[in-house]
Structure formats: C-alpha cells, structure tokens
1. Please find, within the stretch A:422-462, the residue that is nearest to residue A:35 (Cα to Cα) out of those that are among the acidic types (Asp, Glu) and assigned to a loop (DSSP other than H, G, I, E, B).
2. Are any residues in the stretch A:185-232 more than 24 Å from the chain's Cα centre (by Cα) and open to solvent by 30 Å² or more (accessible area, probe 1.4 Å), and if so, which ones?
3. Scan the stretch B:144-168 residue by residue and report those that are more than 7 Å from every other protein chain (Cβ to nearest Cβ) and either closer than 15 Å to residue A:140 by Cα or in contact with a Gly (Cβ under 9 Å, 6 or more places away or on another chain) (or both).
4. Which of the residues that make up the stretch A:363-378 are buried (at least 17 other Cβ atoms within 10 Å of the Cβ) and outside any helix (DSSP H, G or I)?
5. If you check A:398, A:466, which single one turns out to be in a helix (DSSP H, G or I), open to solvent by less than 10 Å² (accessible area, probe 1.4 Å), out of contact with any Phe, Trp or Tyr (no Cβ under 9 Å at 6 or more places or on another chain) and farther than 30 Å from residue A:51 by Cα?
6. For the stretch A:178-192, indicate whether the set of residues that are farther than 30 Å from residue A:566 by Cβ and touching a strand residue (DSSP E or B) at 6+ places or on another chain (Cβ under 7 Å) is non-empty.
7. Inspect the stretch A:611-620 for any residue being open to solvent by 30 Å² or more (accessible area, probe 1.4 Å), assigned to a loop (DSSP other than H, G, I, E, B), out of contact with any Ser or Thr (no Cβ under 8 Å at 6 or more places or on another chain) and not hydroxyl-bearing (Ser, Thr, Tyr) and give the result as yes or no.
8. Does residue B:95 count as surrounded by fewer than 17 Cβ atoms within 10 Å (Cβ to Cβ), within 11 Å of chain A (Cβ to nearest Cβ) and closer than 24 Å to residue B:60 by Cβ?
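The values are calculated or read from the model by the stated rules, or taken from the named source; none is laboratory data. Note that this is a predicted model, so its numbers are computed, not measured. Note: ideal-geometry Cβ built from the backbone for every residue, glycine included; neighbour counts use all protein chains shown. Each accessible area value is taken on the protein alone, full model and side chains, heavy atoms only, with ligands, DNA and RNA left out. Shrake-Rupley method; radii C 1.70, N 1.55, O 1.52, S 1.80 Å.
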Amino acid sequence: MLDSKIPSGPLEQKWTDYKGHVKLVNPANKRKLEVIVVGTGLAGASAAASLGELGYKVKAFCFQDSPRRAHSIAAQGGINAAKNYQNDGDSIFRLFYDTVKGGDYRAREANVHRLAEVSVNIIDQCVAQGVPFARDYGGLLNNRSFGGTQVKRTFYAAGQTGQQLLIGAYQALERQVALGNVKMYSRHEMLDVVIIEGKARGIICRNLVTGELEKHFGHAVLLCTGGYGNVFYLSTNAMGSNVTAAWKAHKKGAFFGNPCFTQIHPTCIPVSGDHQSKLTLMSESLRNDGRIWVPKQKGDKRKANDIPEEERDYYLERRYPAFGNLVPRDVASRAAKERCDAGYGVGTTGQAVYLDFKYNLINKYGRAEANKLGIDNPDTETLIRLGKEVVKEEYGNLFDMYEKITGENPYEVPMRIYPAVHYTMGGLWVDYELMTNVKGLYCLGEANFSDHGANRLGASALMQGLADGYFVIPYTIGNYLADEIATKPIPTDHPAFIETEKQVAGRIDTLMSIKGKQTVESFHKRLGKIMWEKCGMARNEQGLKEAIVEIQQLKKEFWSDVKIPGSINEMNPELDKAGRVADFIELGELMCKDALNRNESCGGHFREESQTEEGEAKRDDANYSYVAAWEYKGDSNWELHQEQLTFEVAKPTQRSYK
Amino acid sequence: MEQYSMNLTLKVWRQKNSAERGSFETYPVKNISSEMSFLEMIDVLNEELIRDGKDPIAFDHDCREGICGMCSMYINGRPHGPWQNNTVCQLHMRAYKDGDTIVIEPWRANAFPVIKDLMVDRSSFDRIIQAGGYISVNTGSPVDANAIPVEKDMADAAFAAAACIGCGACVAACKNSSAMLFLSAKVTHLALLPQGHPERRTRAMNMVAQMDKEGFGACTNTGACEAVCPKGISIENIARLNREYMMAGLASDK
C-alpha cells in the first residue's frame, strides 16, 4: 500500500535518472495549472517562487502578516553543503553518510543522497540571490563545523543564517508576486484540504483579519507548514508555529510518519519560571568554541568562575573523546539530562549545565590574534580582549540575545543551558516525489517526515527546506501535473468545497459555543507538561500509557470547558489558538502511541527499556527498521502501516561518537 | 541578577478595528516578575482579561527571539521600549520598577493602518520589496558560489544592512513616517554585492516611487530611525540610497 516510488538503479544515479525521465509540462500548459502553497518558510517560499518562475499559477498562504516572518527566519547557525571548499575531505557521499548515521538509520537512503547532491546547488542559488554569507579575507565563502561531522561544511551569516536565507527566498517570492505569477495571501490560515475524487483540489482557509472562511482551488496543494514542536507548549518554535494544516490533511487521509521523532536541542536558555512562553535556542555553532561542563562535586553552589579547572567535569569530552563537544544533538541532550538528574546541574533550578567560551576565547582566538599582531607572551587579559573581538564577529548577536534574556554577560561568565524541544523529524509521510499518499497533496520541509530519520544533524533543516522547494518539487510536481493538463479549474461552488467549508464552520461554531471556564493557554500548558514529562527526552511504557489516558481526558475537558472570548466574524487570535491547541491535543496522543509502539531507542527517541550498558540508545533493527506511517481511523483510533527501510550503502551499525 | 516582583499600571491603546476610533484603557497588573519578558507580562494580563470575560489585547508577535520582526509596540513614546538595539519581545521586565506606569500604543503611520488594538498592517513594506528589492535570478544553475569573490568588507557591510527585520520601528519613530531606513537598508544590501549591480539603478528608482505611493513621508535626516532600530541599521544607508537614486536619475550609460 505504501509505495515510496524510489527509482531503481545505483544510489548516486537515482536522482539524475529520475530527472532525465520524469514527465514534463510544456510552458503553455503550465499557465493553465494552479498550485496552492501553504506556508512561506524556506520550503514554501522557495517552492512558490520557483513554481511561479516556471509559469505555474501559484497562490501562497501564510498566517503571519508577511511571508518574511516564517519561523525559518530564526535559524541561527548555518546550512550544510558538500562543497568541500575547505579541502578537508568532504564529499556528497560524506554528507549523505553523516546524515543517515546521524539520523540513526531511520531515514531513506535515496532521499538523503538526493539532499546531499542538491546541497551544492543551494549555496550557488543563494549567493546568486544576494545572500550575504560570511567570507574570508580572500573574498571566498567561509565555513564552520557542526555536530555529528568531522569536516567544516556549514555556510553561515553570523548567527542569522536562517534570516538571510529566508529573506533571499522571500525576495524571490515577492518578485514573482510583482510579476503576477504568485498571488500572496497573508494573515490567512488553512483549516482544511478539499479532496475531490481522491485528489487534493484545494483548501479552506480563514482570513484572520475578518474571520471569513475562503475556498481556494488548486490542481495540487503543497503543505510547507513547518514542525509541531509546540505540542510541548515550551519549545524554540515561534508562538504561531502549529500542526493544524498537516493535521487536517492527516484527518483527510494523509499518513503521519514517525510522529514521536522529536529533536531536543541541547543548548537552549533554561526555563526561568511559570510565566515562560517560549524557549530560546543558543546555536549549535557555539559548540565549536564553547566547552560544556558541570562541577565534579554534586550540588556545588560556587559561582562558575570560582570553580577551578581541575574540579570541572567536561563530560562530553570525557565520554566522547572523538567528537567531544560536537556530538550530535540527541547524544548531547541526553548527556546533559543524565548529569542534571544525577545532581550535578547548576543554576537555581539545578536544571542547567555550563557552556563556557573562556578556553577558546583565550587559547584559540586570543592567541591567533596575538600571533598576527606579533605580541610575544601576551598576558591573559590581552588574550581575552583580542579573543572577544573575534567571538563577537562570529556570534555577537547570540551573546547579546543571551544577555538580554538572562541579564548575564556570557563573555564574562559561562552560559547556562539546558535541552529544549526544537525540531520534529516526524511529519506527513511522503514518497520520493514529496507527495503524501493523497494524490496531488505534497508536503515539504520540516512538515514532512523524510530526510532526517530519528535525529537531524545541525544545519540540515535549512538545507532540506530549500532542497525541497528549489530543487526537488519543481521536477517532481511535473510528473503529476503532466496528467492534469486537461483538468479545468474546479469552481469553488462544487459540493466538495461547500461540504468541507461547512465542516470547518461547524467546528468553529462548536468551539465558540462551549463558553467554558478555562483558557486555551491553560490547556496548552497542561498538554505540554504531559508531553515533556512522558514523551520527552526519555520515554517508557508505563509513562506513555499514562500519557495517553491523560491526554484523552484533557481532550474531553477541552471540548467541554474551554473559554474563547470574542466572536467569529472578526480578528480573534484566541479562536485561532483554540483550533491549533485542539489539534495539538490529538497529535499528542498519536505521538505517545507511536513512541509506545516503537520499543527501541533510536536517535532522539529514547526508550528507557532499550539502552546499552553505557546508557546509549540501543536500536532494534530486526524489528523496527521501518517508517511508522499512521492512518487516521476516527477519534483516538489509528492504523499502523510500515514502510520497511533498506540500507544498501550505509550499513547500519551501533552509532558511536567515542 | 536578583529577581524581584512589581505592580504596574498599563495604559493600552484599544481599537476594535480599522474603521472604529480607538482610545486608551488603563489596566493594573500585579506580581510581575523581573525575569518575565514584556510580552509575557501582556500574556498575564490577557489571561486575566479572558477570565473576566473581556476582550484580550491583540498584538503581533511570533518568534519572540527578536528576529521575525512581527512584534511592534510603541512603549512610553519609543518603538520597542527603552533598551537599545532591541525588539519588544526581547525587552524584559527588569527594565521597570514597582509602581511604574507604561503607555503602550501601536505603530502610528498612514501607511500602517491599525487592524486591531496594537496590530497594524505593514503590507506596504512587502509592496516596496515587490518594486525591486530582489536580484532577478531564477532558480536554476547559477555560477559556482565561489566564482565571484566578494571583498570581505563589502560582504560584511551588505550583511549589516541585510540584518533589517522589517519591523517598521523606523517608520514609527520618524516624525514624517518615512520608510527611508527600511528602503535604504535593502538598496544597500543589494548594491554592495556584485550580484546586485545589474539592477541597481532601476531598483533605487522603483522602490522609492513605491514608497511615495504608499504614503510614507520624506526623510529630513533627524536620525530618529537609527536610534530605535533593533538591528542597529545605520543612516549611512540613507546617504547611500540618495547617491544610488541620484546616479540612477542623472547618469545614462547608453
């Protein structure tokens, strides 16, 4: 039933062969074909712009006030590409291999190889658009390294790489808007997908300013709506990031792949109190230059700078000498949790570890600068002063952000950090062409499940979003639309549109008529607590079973006691949020169900029942080397489909970073 | 830093929609922690309003990390509040003390009509970008990224201009509601890179024309924009825009 449509032939030839044989749509026919793109982050904006350039009639939707606000903008550290500009042994194969291994052998080889192949085109494209990547004094592009790799392949623009890439894609999109090839709908939220004779043919969305429902037709629908990390309430996602578009598609038949695969990012600013509305990431690139440690002595209450070198435990360097502070995210997060659970955590809550820049500030940057200036035997103060300048250029905005939030100066004292929910590897199941199992319904970027397996490597999300939008969908969508050239646009008074709109309106009416006592926010917080405690960094059978019961109760309570102010036909952010939280509650249950089903540890999914003697994640390839694709069968009811994963090139081994 | 708790008085602009007139409402807020962000303080107030059956305050916000550019509050007469180089989402309550009164308004400019309460329509910024704020290159096979070296200083300066988040604080701070800082940042970003050279003249002309059409005012070089810009965008960019515009208007290569 699940056909992943992976082309035959040797791995490195698949994409080339596919492109050489895929169906094409001639320019005159492209003008007759309409494509809906939901979401304008890296995947959505790049897809909408590229399809507009090709001549398709595109309608793009985002819930923010401008497509430039999408949360891709917050990505900090960088974007990977196998350019091998550093001559340090990188190649397409290495990027492919690192990604499959980093994902703990739960991703599709063919997709990952394609991603590595097109990574080099992304950098060329972005530079041509005017993305101001960091350069060295010769005027060529600079690179840094990220976790889970031993080469420097990450391109960056200070700590604002996502912003610069998104603005590049946004400008390409606005150019198409100006040319009339794309029509942009800002402050619009998709609330359902319209399916006619088994094919996605449009969407129902709410104009968030007027509250009116709108019907839009498309020969194909692309969901580029990002991840669902906000199911945990606290995450590094933007406040508006939500699962609603993907979830509506799921309830209309699209399978949800590996929902329990969540990435907990090791370096985030810790929670400061109950008022916390979101968490802020400190880029993984900081682990290039920061060393992570806790005191060797349990419950040591001294200030960080008062703890002498020999009383510090650089636990990542101790446990993983080969990769040290640059182990993948899942490994680093669990190691931090292990130390804090064992009583070595720092800060008022004990739920934090130190990320310390002093060593590299002095020894790496300070000394290099002193050498350049010909200063012999510089004292520590000079080294710090010189080193600071370099660190400021590399990470200035991140250090400023840390200081604004915590009131502490990270040039002087180590940052306090703790893991937080950051990214979701799971998402709608898609085939090699990025089509879900619903014909004509595509899913791109973080919203799909495909390329990162059970753990995503740093600087690979930007790569995947842009790969999908710029270089994959423009080819693969033609293979579908070539057979649709005779399909006339379906008027939106078609019964399927009317019926779907009625369902959407009905749900909004129901929500507004509950008139209960508890706010939407309070339900979201409670859901987040259940998810974080029982389906977070560590999971076990008992906890997951409890979580499912608790979430079902929470759902009942929500639908009988939620309080939403205002009315329907006006701007009503609380109503928008209520719809999203209702979907998160349902998703949360599925995540727990998926985590319960997967009785192995892999990547970010850590089942306490399945670990090695050293406490590392232990996979069970004999039983779980598959993508879990869940089919919605009605309220709290799903059927599991399995897509078996085969590894012909990157043979699964116990992942080791020691 | 020691955490403390405070009681405050908020005077907030309330306006049902773009058609109706707005006015200030006064709200006391209690037990606000100095560790909260400013928007978390508004969250607390909104939760209370909802529980009391009142309409919560509508405001734009999304990333809460100072990068998406969506948040936009005019606080005690200053866009984004008292801190330098800062967005309101990154403003924290340790900027205030017990007993303070805080006045909160939306961005005020003809080209930014109020949608509701503190939320304004900034689509005019998108239309300025549509007028030329891009490099006309289709997705495809451009030259290798390292084929055209870019002087590091130029690349750094282009990046500094490209750091603009499009929030509109510059417009809100300007007595003429001019969008020159926003526009000049984009023109500078693209003019300093070799990739942006082919279109630099039409870009400057067309973007300025669109800015005028949207109803933004003229620039009189007071520098209020630079002083409040959360990303520290310099008014040197405005000087560069003026040069670009003059060159575009005066010179002809043909």
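1. A:433
2. Matches in the stretch A:185-232: A:195, A:197, A:198, A:199, A:209, A:210, A:212, A:213, A:214, A:215.
3. B:147, B:148, B:153, B:154, B:156, B:160, B:164, B:165, B:167, B:168
4. The one that is buried (at least 17 other Cβ atoms within 10 Å of the Cβ) and outside any helix (DSSP H, G or I): A:378.
5. A:398 is the lone residue from the list that is in a helix (DSSP H, G or I), open to solvent by less than 10 Å² (accessible area, probe 1.4 Å), out of contact with any Phe, Trp or Tyr (no Cβ under 9 Å at 6 or more places or on another chain) and farther than 30 Å from residue A:51 by Cα.
6. Yes, the stretch A:178-192 has at least one match.
7. Yes, the stretch A:611-620 contains at least one residue that is open to solvent by 30 Å² or more (accessible area, probe 1.4 Å), assigned to a loop (DSSP other than H, G, I, E, B), out of contact with any Ser or Thr (no Cβ under 8 Å at 6 or more places or on another chain) and not hydroxyl-bearing (Ser, Thr, Tyr).
8. So residue B:95 passes the test.
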